[in-house]
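What follows is one structure encoded as structure tokens, with my remarks underneath.
The values are calculated or read from the model by the stated rules, or taken from the named source; none is laboratory data. Because the structure is predicted, anything quoted here is derived from the model rather than measured. With ideal geometry, Cβ positions are generated from the backbone for all residues, glycine too; neighbour counts draw on all protein chains shown.
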Ligand code: SF4
């Protein structure tokens with residue numbers, strides 16, 4: 001499948017899908033290894049290649065303020081345009097379509113049909129690995145899904161250029177974007193990317209009015225400074241609004257990084273800092289935590305959604321997603 005968003009550059013090709021702007025000679029791959037120059041044509045190798053799928057709780061994405069308690073058909077492929085030593089999903093994100101045994105390739109219509117017949121399913125989530133490197137498949141599937149009345153959700157690192165992002169935004173309904181740190185040095189040294197393009201993605205999603213939640217994986221000693229978190233939440237509040245949902249997630253050793261899991265006390269400290277500026281802050285990857293699970297009305301402090309793991313009980317919301325005690329909101333998209 002020929003890729004979109006590339007241009008000819010001398011004897012090679014420049015891929016314009018993400019901020020890496022890879023220059024790719026004939027026969028070679030981009031940094032994501034999901035796009036290859038084949039005789040002067042950029043091919044999207046991951047088109048229709050699905051590594052895993054499942055009917056997940058929306059809360060697993062995580063999306064806490066978008067159709068709470070619903071289920072969504074989730075699909076993933078292989079590969080990523082960032083290369084984080086701490087990747088929690090490295091088995092598929094750091095494997096590449098080209099290195100995998102030949103797999104059956106699916107058509108968008110097959111995925112949409114499957115999504116349509118799954119009981120209680122409300123849409124399709126593009127997740128597990130970095131979905132935007134399978135841009136063409138994601139876009140075509142999302143367009144078809146939308147035309148059939150399904151919702152589209154993306155879980156992404158946000159490392160995508162503005163033009164393809166805007167094309168996706170025409171058919172995507174909700175995003176969870178990883179904000180891995182508020183330090184460009186961290187992005188460069190730990191992920192191979194840069195901070196600024198991710199911030200640009202967040203602003204663009206907000207400007208175009210699509211539902212947005214942010215995930216921040218806290219790694220001890222690497223991105224857990226109080227000052228950096230203060231700067232991050234201040235930026236979020238100023239540029240995206242104080243009602244932006246932030247998930248502060250616990251890191252566990254994975255892939256190449258072996259340092260111990262984030263101490264719970266540190267997570268709670270960062271939670272308290274974030275709550276000074278943001279109305280909706282949650283703690284993730286923790287078990288049995290008392291704080292950071294439920295959704296509290298910022299106006300009257302009623303608990304409007306109770307959560308225990310992925311078990312969600314809507315306790316005080318109207319059908320429009322407003323607080324049923326005081327009318328504040330909408331707090332969530334229903
Ligand atoms: S999508 Fe892949 S090939 Fe294209 S610029 Fe990004 S890393 Fe390079």
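Look at (1) touching a residue at least 12 places away in the same chain (Cβ under 8 Å); (2) surrounded by fewer than 18 Cβ atoms within 10 Å (Cβ to Cβ); (3) more than 16 Å from the ligand (Cβ to nearest atom) and you find that residue 91 fails only one, number (1). Taking the condition of being within 20 Å of residue 138 (Cα to Cα), surrounded by 14 or more Cβ atoms within 10 Å (Cβ to Cβ) and in contact with a strand residue (DSSP E or B) (Cβ under 6 Å, 6 or more places away or on another chain), how many residues in region 1-15 meet it? Residues flagged as within 20 Å of residue 138 (Cα to Cα), surrounded by 14 or more Cβ atoms within 10 Å (Cβ to Cβ) and in contact with a strand residue (DSSP E or B) (Cβ under 6 Å, 6 or more places away or on another chain) within region 1-15 amount to 4.
Taken together, the criteria place residue 165 among residues that are within 16 Å of the ligand (Cβ to nearest atom) and at pLDDT 95 or above. Among residues of region 14-48 being assigned to a strand (DSSP E or B) and under 23 Å from residue 168 (Cα atoms), the one that is farthest from the ligand (Cβ to nearest atom) is 41.
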